[in-house]
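**Student:** Below is the structure I would like to discuss, written out as structure tokens.
Values quoted throughout were computed directly from the atomic coordinates according to the rules given, and no laboratory measurement underlies them. Note that the structure is a prediction, hence the values are computed from the model and not measured. All Cβ positions, glycine included, derive from the backbone under ideal geometry; neighbour counts span all protein chains shown.
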Amino acid sequence: AQPGAPAPVAVPMRELEWGQINFIHTTDTHGWHGGHLQEAQYSADWGDYVSFTEHMRKKADEKGVDLLVVDTGDRVEGNGLYDGSTPKGNYTSSIFGQQNIDILCTGNHELYQEATVDREHSITVPHFKKSYIASNLDYIEPETGNQIPQAQRYIKFKTKNQGYTIVALGFIFDFDRNANNSVVITVEETMKQEWFQSAIREKPDLFVVSGHVGLRMKEFEQIFRVIRDANWYTPIAFLGGHAHVRDARRFDDKAFAIASGRYFETIGWMSIDGIPKKSEDSASAKATVTFKRRYIDNNVLGLQHHAGVSETDFLTPRGRNVSQMITDARKALNLDHKLGCSPRDLWMTRAEYPNDGSIFSWLENEVVPDAVVNEERADTPRLTILNTGAIRFDIFKGAFTKDSTYLISPFTSKFNYIPDVPYDVAKKVIQLLNSGGPVFNTELDPSIPEQMAPSPFLGKEPTELAAHSHHHPHFFDANSAQQPLVADDADDAVSDDEPQLVGGYTTTDDLGDDGDDAVHSPIKFYNVPNCIQSQAGFPEAADPATVDLVFIDYVQPWIIPALKFSGGDYSTDNITVYLNATLTDVIAGWVGTHWAKDC
Ligand SMILES: O=c1ccn([C@@H]2O[C@H](COP(=O)(O)O)[C@@H](O)[C@H]2O)c(=O)[nH]1
């Protein structure tokens, strides 16, 4: 753990169940490789994780079983350790690269920016030459314009201790907001390609499908069906991500999937037993394959427990060195530099919106009206729209640091506007963006972040939008199967004869409700809309005739169609820059001016 991180407390634990092939899985770490410095339960850093996997590999060798370490993408964007450097990722690439990873693939956040795609291609892919898989992702070489696979399409290997043959694939969901130097081939198209058809006929003992794909998204279902059609009895292990949830899905009795949360809060564990060897067993149809899973809270106490080593033996030289690399990077980036002190906790989904405790109410009422201002248009009434997905994390009462600004909102989007829009037209845009109602009232899959926001155009999509209908502002689902961990509420106390529980993930998945390693008390969650809107500079006497319609540029694809629906005929020619600052800059500036410096 990093210096200053709070010490975890011992909680009731569920053990890991080992099988013949075991997986340790991370996903959607979003640069949190230094761990959570304000949450004890997630305070282990990437160095601790390196130590942990070294112990676990040794344990696997002692047991004569196999262990594979997997990462399924979105390693970038969302933490000062990644976003605070120039270029972004200057430190995290080498920190991440210290882990010995057997299988890894790309997430959508590795693809939003050209520079990120380039760095992935020139640093991470060659570093993990044997284990990086890009089944449906190409790279456009800047020098030649040639379209080449971002990495190998699949790998085939034998496991170290038992010699099982594995064919592993690495997908990204059908993402289409990727930078121009990358090409995402849809999963459906990919599966028609010759190499894929050969790969699924390799007759391995186990298929491993890694993917930056939510377990309930269509892509894993498609892949499962095609592999299963060609291999009736071969076990298939899916390791997914993207949805930021702990989840396990059963496809059939020989095919299971695990997703391991977000932000390096969770280390996923999946084990498979009863895998028949093709070379030895012709009756594989009869084999009973069992899958187990566990969601490990990422703190040193829990990792020591599962590794079965004492506190003094836990840190390996390599792990200790990685923790030091992180400490040095955090120092060089000045991430602990305090900008101000938050007077209270501000929650994304733990508080109702609108409400005093909601980060969105704070932005809407305090930050945006004050800080998203074009000085030349300051006297013109304005409506400013933000997607709630632009906010990534809560703010805790106390020190708000340089690091916090990136945890809250790391993106490079700036603010655009359309001047002098009739108020009667402009005011309807937010209603349209939020008109879908609760996610469960839609036909969209609630586990897909891009689809969590129901279409604002419900059933009446303009044709140009229909093709991009999953590009809606991020919507956080309050009824999600599992919930981010935060400190326990006083009124959650359990009876005297039961151990005191800490508030946190209480996951229910296809295997039941016993997946979390730490037994937690549950936490309540609330829905938030797709977008929020701030009003500023309005006259007191009456509504203005026209307003500036300001919006964060990430939501631009929906603005013109929404205006059309509202009776305004605009095109992208009417859009210009309003403020050349990111939301990160805006929040940092506001905090520096408005919050006390001592806490
Ligand atoms: O520039 C950006 C990029 C993304 N977002 C929001 O993030 C989600 C996707 O993040 P995941 O971690 O992959 O879920 C996207 O739906 C947007 O809500 C953004 O606001 N700006």
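**Student:** In terms of modelled amide H atoms, which long-range or inter-chain residues lie less than 5 Å from the amide H of Gln152?
**Tutor:** Those qualifying (amide H under 5 Å, at least 5 residues apart or on another chain) are Ala134.
**Student:** Could you grab the relative contact order for the chain? Cα pairs under 8 Å, six or more apart, rounded to a whole percent. Show your work: numbers first, answer last.
**Tutor:** On the way: 1378 pairs, mean separation 100.8, N = 599.
Relative CO of the chain lands at 17 percent.
**Student:** Still on this structure, I have one more. Putting +1 on Lys and Arg Cβ atoms and -1 on Asp and Glu Cβ atoms, find which of Tyr154, His33, Ile140 reaches farthest to the positive end of the dipole of the chain.
**Tutor:** Of the candidates, Tyr154 comes out farthest on the positive side.
**Student:** Quick check on the exposure proxy: order Ile258, Ile418, Ile123 from fewest to most C-beta atoms within 10 angstrom.
**Tutor:** Values: Ile258 30, Ile418 24, Ile123 15.
Taking fewest neighbouring Cβ atoms as first place, the list is Ile123, Ile418, Ile258.
**Student:** Please list 3J(HN,Hα) in residue order for segment 300-305, calculated via the Karplus relation 6.51 cos²θ - 1.76 cosθ + 1.60 where θ = phi - 60°; whole Hz, with x for glycine and proline.
**Tutor:** 4, 4, x, 5, 4, 4
**Student:** Follow-up. In terms of the Cα gyration tensor, with a ≥ b ≥ c the square roots of its eigenvalues, is segment 271-322 rounded because a/c is under 1.5, prolate because a/b exceeds b/c, or oblate?
**Tutor:** On the way: a/c = 4.18, a/b = 2.64, b/c = 1.58.
It is prolate, given that a/c is not under 1.5 and a/b is the larger ratio.
**Student:** Under the rule of at least 5 residues apart or a separate chain, name every residue whose amide H is placed under 5 Å from the amide H of Val69.
**Tutor:** Amide H neighbours of Val69, under 5 Å, 5+ apart: Ile24, Asp102, Ile103.
**Student:** Non-local amide H neighbours of Leu339 (under 5 Å, H modeled in plane, Pro and chain starts lacking H): which ones?
**Tutor:** Phe400, Thr401, Lys402
**Student:** Related question: Starting with the highest mean, order 108-120, 261-273 by the number of other Cβ atoms within 10 Å, averaged over the residues of each peptide. Before the final figure, lay out the partial values.
**Tutor:** Working: 108-120: 20.9, 261-273: 24.7.
Ranking, from highest mean packing down: 261-273, 108-120.
**Student:** What ranking do Tyr406, Tyr554, Tyr42 get, fewest neighbouring Cβ atoms within 10 angstrom at the top?
**Tutor:** Values: Tyr406 28, Tyr554 21, Tyr42 24.
Fewest to most other Cβ atoms nearby, the residues stand as Tyr554, Tyr42, Tyr406.
**Student:** Sticking with this one: Could you line up Leu16, Leu363 from fewest to most neighbouring Cβ atoms inside 10 Å?
**Tutor:** Working: Leu16 20, Leu363 27.
Listed from fewest to most nearby Cβ atoms, that is Leu16, Leu363.
**Student:** Then there is this: Given bins 20 angstrom wide, list per bin the percent of all Cα-Cα distances in segment 21-332, short to long.
**Tutor:** Values per bin, smallest distances first: 35, 58, 7.
**Student:** List the Cys residues of the chain that have no partner Cys with a C-beta closer than 4.7 Å.
**Tutor:** When partners are defined as cysteine Cβ atoms under 4.7 Å apart, the chain leaves Cys105, Cys531 without one.
**Student:** Rounded to two decimals, what is Rg over Rh for the chain when you use alpha-carbon atoms and the Kirkwood radius?
**Tutor:** On the way: Rg = 24.3 Å, Rh = 25.0 Å.
Rg/Rh: 0.97.
**Student:** Which three extents, in angstrom, do the Cα atoms of segment 228-295 have along their principal axes, listed largest first?
**Tutor:** 43, 22, 16
**Student:** In whole Hz and in residue order, list the ³J(HN,Hα) couplings for segment 110-123 that follow from phi through the Karplus curve 6.51 cos²θ - 1.76 cosθ + 1.60, θ = phi - 60°; x for Gly and Pro.
**Tutor:** With coefficients 6.51, -1.76 and 1.60, one gets 6, 10, 5, 10, 4, 5, 5, 4, 4, 5, 4, 5, 8, 10 Hz.
**Student:** Once you keep just the Cα pairs under 8 angstrom separated by 6 or more residues, what percentage relative contact order results for segment 21-332?
**Tutor:** Numbers: 702 pairs, mean separation 71.3, N = 312.
Once normalised by length, the contact order is 23 percent.
**Student:** Show that you can apply the helix-only estimate: for the chain, add -39,500 (n - 2.57) for every DSSP H stretch of four or more residues, divide by all residues, and state [θ] at 222 nm to the nearest 500. Kindly include the intermediate steps, with their values, before the conclusion.
**Tutor:** Values: 18 runs with 140 residues, N = 599.
When only DSSP H runs of four or more count, the value is -6000 deg cm²/dmol.
**Student:** Shape of segment 327-409 from its Cα gyration tensor (a ≥ b ≥ c, root eigenvalues): rounded if a/c is under 1.5, otherwise prolate when a/b > b/c, or oblate? Write out the running numbers ahead of the final one.
**Tutor:** Details: a/c = 2.24, a/b = 1.40, b/c = 1.60.
Oblate.
**Student:** What's the extension gain from Gln324 to Val183 if we count 0.36 nm per residue and subtract their Cα-Cα distance? Before the final figure, lay out each step's value.
**Tutor:** Numbers: separation 141, 0.36 × 141 = 50.76 nm, distance 3.67 nm.
Roughly 47.1 nm would be gained on extension.
**Student:** May I pose another question? How large is the dipole of the chain about the Cα centre if only Lys and Arg carry +1 and Asp and Glu carry -1, each at its Cβ, rounded to the nearest 20 debye? Don't skip to the answer; put the middle values down first.
**Tutor:** Working: 52 positive and 84 negative charges, 362 e Å.
The calculation lands at about 1740 debye.
**Student:** Could you order peptides 539-545, 34-40, 585-591 by the average number of other Cβ atoms within 10 Å of their residues, highest first? Display every interim value, and only then the final one.
**Tutor:** Working: 539-545: 9.6, 34-40: 24.6, 585-591: 20.7.
Top of the packing list down: 34-40, 585-591, 539-545.
**Student:** Quick one: 3J(HN,Hα) in Hz for segment 324-337, Karplus 6.51/-1.76/1.60 with θ = phi - 60°, rounded, Gly and Pro as x.
**Tutor:** Whole-Hz 3J(HN,Hα) from phi for segment 324-337: 5, 4, 5, 4, 5, 5, 4, 5, 4, 8, 6, 5, 7, 4.
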